[in-house]
1. Of everything in the stretch 1-34 that's in a loop (DSSP other than H, G, I, E, B) and in contact (Cβ under 8 Å) with a residue 12 or more places away in the chain, which residue is surrounded by the most Cβ atoms within 10 Å (Cβ to Cβ)?
2. I need the full set of residues from the stretch 57-92 which are without any contact (Cβ under 8 Å) to a residue 40 or more places away in the chain, within 21 Å of A137 (Cβ to Cβ) and of a type in the set (A, V, I, L, M, F, W, C), in order please.
3. Evaluate the stretch 113-132: report whether one residue or more is modelled with pLDDT under 95, over 15 Å from C38 (Cβ atoms) and over 16 Å from the mean Cα position of the chain (by Cα).
4. Which one of the conditions (1) farther than 21 Å from V156 by Cβ; (2) touching a residue at least 24 places away in the same chain (Cβ under 8 Å); (3) among the small types (G, A, S) does A95 fail to meet, given that it meets all the rest?
5. Specify the residue that is nearest to C38 (Cα to Cα); the eligible residues are those in the stretch 138-181 that are small (G, A, S) and modelled with pLDDT of 95 or more.
6. I need the full set of residues from the stretch 70-117 which are hydrophobic (A, V, I, L, M, F, W, C), farther than 19 Å from S46 by Cβ and in contact with a His (Cβ under 8 Å, 6 or more places away or on another chain), in order please.
7. If I ask for residues that are under 22 Å from E150 (Cβ atoms) and without any contact (Cβ under 8 Å) to a residue 40 or more places away in the chain, which ones from the stretch 35-53 would you list?
8. Which of the residues belonging to the stretch 128-150 are under 13 Å from G79 (Cβ atoms) and buried (at least 16 other Cβ atoms within 10 Å of the Cβ)?
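The values are calculated or read from the model by the stated rules, or taken from the named source; none is laboratory data. These numbers were taken from a predicted model, which means no experiment stands behind them. Backbone-built Cβ (ideal geometry, glycine too); neighbour counts: all protein chains shown.
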Amino acid sequence: MSIENLKNALPEYAKDLKLNLGSVVESNVLSEKWTWSCLLASALASRSAQVEQEIMAEASQKLDEKELAATKIAAAIMGMNNIYYRFLHLTKNEAYKKMPAGLRMNMMKQHGADEVMFELASLAVSAINACDMCVDAHERNLRQHDVVEEQIQAVVKIAAVVHAVSVTLEAETALGESQSKQQAA
């Protein structure tokens with residue numbers, strides 16, 4: 001089981017992450033498909049090859065091809081949009097807000113999967129990338145689709161835990177490589 005591999009890879013000081021990873025996967029607040037789409041989108045947004053591979057291995061057993069593709073589309077497009085719209089929020093120059101973005105986002109409407117699942121995955125990525133405009137827009141869209149606050153919170157918890165697991169494992173890898181170099185010298 002791939003989630004188990006991630007939990008086993010975490011160091012002892014990250015015991016809370018192990019527990020939280022298990023609880024977000026086992027939560028009954030979201031459907032299994034929504035949970036795995038959000039786990040995968042969060043892994044992709046967190047940019048850890050190890051976490052991406054482990055979660056993808058298990059997500060590919062839970063999601064069909066359209067759902068996997070839609071989740072990847074959400075992560076890719078939000079990776080772009082989150083930077084652009086975060087810039088609009090951060091800049092004091094109002095002129096940029098009046099300019100058309102001019103960024104292609106056709107796949108947001110052509111992904112072919114459940115619209116709510118796509119929005120949930122987009123929210124997870126936007127939370128990781130700290131884009132308040134996108135977080136607000138996706139939260140609002142989800143509420144219009146009758147997604148309740150507990151479900152939205154569950155998505156953000158998935159994003160937070162997966163991102164923290166990614167950061168911790170990457171730091172441990174870097175620390176291990178640094179110690180190996182010091183011992184070799």
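1. Within the stretch 1-34, the match that is surrounded by the most Cβ atoms within 10 Å (Cβ to Cβ) is L30.
2. A76, M80, F87, L90
3. No, that holds for no residue.
4. All conditions are met except number (2).
5. A159
6. V116
7. Of everything in the stretch 35-53, just one residue is under 22 Å from E150 (Cβ atoms) and without any contact (Cβ under 8 Å) to a residue 40 or more places away in the chain, namely W36.
8. Those that are under 13 Å from G79 (Cβ atoms) and buried (at least 16 other Cβ atoms within 10 Å of the Cβ): I128, N129, C131, C134.
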